[in-house]
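Trainee: Take a look at the following structure, please.
The values are calculated or read from the model by the stated rules, or taken from the named source; none is laboratory data. Predicted, not measured: the structure shown is a model, and the values here were computed from it. Using ideal geometry, Cβ is built from the backbone for each residue, glycine included, and neighbour counts are taken over all protein chains shown. To get the accessible areas, we keep the full protein, side chains included, count just its heavy atoms, and leave off ligands, DNA and RNA. Shrake-Rupley method; radii C 1.70, N 1.55, O 1.52, S 1.80 Å.
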Amino acid sequence: MARPITKVVKPEVSEEQKQAQTVDRVLQSLAENPEGIQATIKLLQELHDSGILGALNAAVEAKEDIAKIVVGQMVRPPVTNMINNAMAAAGGLTELDPEMTKKLMAGVTKGLQRADEALQSGAKVGVFDLIKALRDRVCPVFCVNPFGIKN
């Protein structure tokens, strides 16, 4: 009977052999994907010719400075106000009834169409036309009745 194996010897690979294996793998990838490699080289050349590649390299090299500038701009009061207003507006939109929003947008669209038609026709708008527009039932949400006239 044979004795059991108690010691496993791993073959040691030298640094030169590792590099040779890496080069072989890279060459094999190049041979398997010639169109992709050529397209990538062409893209890089176009980026270089247009100056975009240089700008990207400069941006990557200056990433810490750029990050400081961006963060500095983001904490300015006007920017934080804008972000807070956007969040408040988004919160308000979540509370609206979709059907009401649909009716409202239909009214706005119809009003814009009428305004465009009036501009195209060149018709003059008088005071009574404005009062009549205020009494229009198409848009009951925004329309007001300043004189208390019943429709």
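Trainee: List the helices (runs of 4 or more DSSP H) that sit entirely inside region 53-127 and contain at least 2 residues that are among the charged types (D, E, K, R), out of contact with any Gly (no Cβ under 6 Å at 6 or more places or on another chain) and within 30 Å of Thr40 (Cα to Cα).
Mentor: Numbers: elements: 63-74, 77-95, 98-121.
Of the helices (runs of 4 or more DSSP H) lying wholly inside region 53-127, those with at least 2 residues that are among the charged types (D, E, K, R), out of contact with any Gly (no Cβ under 6 Å at 6 or more places or on another chain) and within 30 Å of Thr40 (Cα to Cα) span 63-74.
Trainee: Still on this structure, please answer the following. Here are Leu134, Leu130, Leu96: which of them is open to solvent by 60 Å² or more (accessible area, probe 1.4 Å) and touching a helix residue (DSSP H, G or I) at 6+ places or on another chain (Cβ under 9 Å)?
Mentor: Leu96
Trainee: Checking Pro11 against (1) outside any loop (DSSP other than H, G, I, E, B); (2) open to solvent by 70 Å² or more (accessible area, probe 1.4 Å), only one condition comes out false. Which one?
Mentor: Looking at each condition in turn, Pro11 falls short on (1).
Trainee: Let me ask another. Only one of Ile41, Ile5 is assigned to a helix (DSSP H, G or I) and aliphatic (A, V, I, L, M); which?
Mentor: One residue alone meets the criteria, Ile41.
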